[in-house]
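Asker: Structure below; questions to follow.
The values are calculated or read from the model by the stated rules, or taken from the named source; none is laboratory data. Note that the structure is predicted; figures quoted are calculated from it, not measured. Ideal geometry is used to build each Cβ from the backbone, glycine not excepted, and the neighbour counts take in all protein chains shown.
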Amino acid sequence: MQHDFLGALAAIVGGRNVLTGESDTAPYLTDWRRQYRGAAQCVVRPGSTAEVAQVVRHCAEASVAIVPQGGNTGLCGGSVPAGTQKQVVISLSRLNRIRELDALNSTITVEAGCVLADVQRAALQAERLFALSLAAEGSCQIGGNLSTNAGGVNVLRYGNARDQVLGLEAVLPDGRIWNGLRGLRKDNTGYDLKQLFIGAEGTLGIITAAVLKLHPKPTASVTAWVAVASPQHTVELLSHLRKTCGERLSAFELLSRTCVNAVLGHRKEIRDPLPGADWCVLLELADGGSTEALGEMAQQALDGELVLDAVLAKNTAEANALWQIRETLPEAQFANVKHDISVAVSKVPELISRANAALAKAFPGAPIYCFGHVGDGNLHYNVGDAALVARREEVNRIVYAEVDALGGSISAEHGLGQLKREEIVRHKEPLELELMRAVKRALDPRGLMNPGKVI
């Protein structure tokens, strides 16, 4: 029976694209942080939407569950098997074509397996900007970005992944293909179905292609590294910059001293822009004017009592060096208890203060790596070292209690996956969970799409 099942898959995608050997499947069955490891009957690599549909239909007929996978860069175990039943992994990596770039409509139509950095480059070649940007952009794929509603550094100006999408193509759990690839900015004809699949982590269907929004390519940008006295001064500086610089402010990242020290210890060649600063902000302004004019605006905006010191990058190389500090952070503090949380921007300082105090009482001396997208209220608040991971649930309870007290969310941009599937029950209203389960039953009544994730 197993041989017949695999043979049918091979007939659809070709034998070389059905992986069964341990060494071949291992990269697909373990998450990036090596926190989750699952098992699957095979890994299937379809090369087109039609092949995805045939594979899904065959799996449905055989009652075999499906785990859709993009670049496998997630942090919540959403892209690897949970081991709850017979499963196959469907890798979208071969669906990597850019189908169309419509410069006049400022849209690009791409397949789910396109690497984010490749989409960014294609847009730049057409003098456009695809605004989604995150540390894993050299390996993460668009399908995964949309399935988790990824955020990144530009949410402040351009919004989350769902804000970058005009249309979707998706394969439903029974193998039917929904073609919603419309590049329309106005389409008021009923429910916005694409939003069901964005952020659903592959539990309702498989995103195979998308029409994405493009923006004018900035002709000038200024990157600055700023020392501030406290998180409270940080949010006040953010408010000041939004008032003085408007929509030119595209990124505003907070980093604690522990974060900077972790990067310096991990990469000896990286230099500290402002040694000794307890709290730093990495910000970027972008506009359509000249770099000189934008630089003058930045200088004036940063000349005030909220700023202890500041370094403005003089060229692209210096800007890249500043961003390298931020982008190295995930690997520099790789093994600890990670949190992807959000509150209202105004409440970020209070959250940091309350969580720091509660953790210091429960785990004296445990280092805290606090950084993230303060411009949209999203913190990556990571605690301790590898030894503390065994006590993750205790740490989580403390942090999430403070998040709840301030009306925040326990998952700002990484999703739920396996990591927070049970935890979310304690943080969502029963009616919300009831509605989510109703949607799941309506689209995937047999529970074959990415089981063990989200709900």
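Asker: Having 1 or more residues that are among the polar types (S, T, N, Q) and farther than 29 Å from residue 366 by Cα is the bar; report the helices (runs of 4 or more DSSP H) wholly within segment 219-330 that clear it.
Answerer: 231-245, 291-301
Asker: With the condition kept exactly as written, say whether any residue in segment 422-431 is modelled with pLDDT under 95, among the charged types (D, E, K, R) and either touching a Ser or Thr at 6+ places or on another chain (Cβ under 8 Å) or assigned to a helix (DSSP H, G or I) (or both).
Answerer: yes
Asker: Within segment 154-191, take every residue that is polar (S, T, N, Q) and touching a residue at least 24 places away in the same chain (Cβ under 8 Å) and give me the one that is nearest to residue 323 (Cα to Cα).
Answerer: Among them, the one singled out is 154.
Asker: Ok, one more. Inspect segment 368-376 for any residue being closer than 30 Å to residue 246 by Cβ, among the small types (Gly, Ala, Ser), touching a residue at least 24 places away in the same chain (Cβ under 8 Å) and buried (at least 16 other Cβ atoms within 10 Å of the Cβ) and give the result as yes or no.
Answerer: Within segment 368-376, one or more residues are closer than 30 Å to residue 246 by Cβ, among the small types (Gly, Ala, Ser), touching a residue at least 24 places away in the same chain (Cβ under 8 Å) and buried (at least 16 other Cβ atoms within 10 Å of the Cβ).
Asker: If we keep just the residues of segment 35-65 that are under 27 Å from residue 412 (Cβ atoms) and of a type outside the set (S, T, N, Q), which is surrounded by the fewest Cβ atoms within 10 Å (Cβ to Cβ)?
Answerer: 37
Asker: If you don't mind, another one. Among the strands (runs of 3 or more DSSP E) lying completely within segment 1-104, list those that include at least 2 residues that are touching a Lys or Arg at 6+ places or on another chain (Cβ under 7 Å) and in contact (Cβ under 8 Å) with a residue 40 or more places away in the chain.
Answerer: Of the strands (runs of 3 or more DSSP E) lying wholly inside segment 1-104, none has at least 2 residues that are touching a Lys or Arg at 6+ places or on another chain (Cβ under 7 Å) and in contact (Cβ under 8 Å) with a residue 40 or more places away in the chain.
Asker: Now a separate question. Please tell me if residue 94 is surrounded by fewer than 21 Cβ atoms within 10 Å (Cβ to Cβ), over 11 Å from the mean Cα position of the chain (by Cα) and closer than 22 Å to residue 287 by Cβ.
Answerer: It is false that residue 94 is surrounded by fewer than 21 Cβ atoms within 10 Å (Cβ to Cβ), over 11 Å from the mean Cα position of the chain (by Cα) and closer than 22 Å to residue 287 by Cβ.
Asker: Taking the stated definitions as given, is residue 13 touching an Asp or Glu at 6+ places or on another chain (Cβ under 8 Å), over 28 Å from residue 133 (Cα atoms) and among the hydrophobic types (A, V, I, L, M, F, W, C)?
Answerer: yes
Asker: May I pose another question? Any idea which of 269, 247, 305, 296 is in contact with a Lys or Arg (Cβ under 7 Å, 6 or more places away or on another chain) and surrounded by fewer than 16 Cβ atoms within 10 Å (Cβ to Cβ)?
Answerer: Exactly one of 269, 247, 305, 296 is in contact with a Lys or Arg (Cβ under 7 Å, 6 or more places away or on another chain) and surrounded by fewer than 16 Cβ atoms within 10 Å (Cβ to Cβ), namely 247.
Asker: So, in segment 389-434, how many residues would count as being farther than 30 Å from residue 335 by Cβ and either loosely packed, with under 12 Cβ neighbours inside 10 Å or among the small types (Gly, Ala, Ser) (or both)?
Answerer: Number satisfying all stated conditions: 6.
Asker: Taking segment 181-216, which residues are surrounded by fewer than 21 Cβ atoms within 10 Å (Cβ to Cβ), in a strand (DSSP E or B) and touching a Phe, Trp or Tyr at 6+ places or on another chain (Cβ under 9 Å)?
Answerer: Once the filter is applied, which keeps residues that are surrounded by fewer than 21 Cβ atoms within 10 Å (Cβ to Cβ), in a strand (DSSP E or B) and touching a Phe, Trp or Tyr at 6+ places or on another chain (Cβ under 9 Å), segment 181-216 yields only 215.
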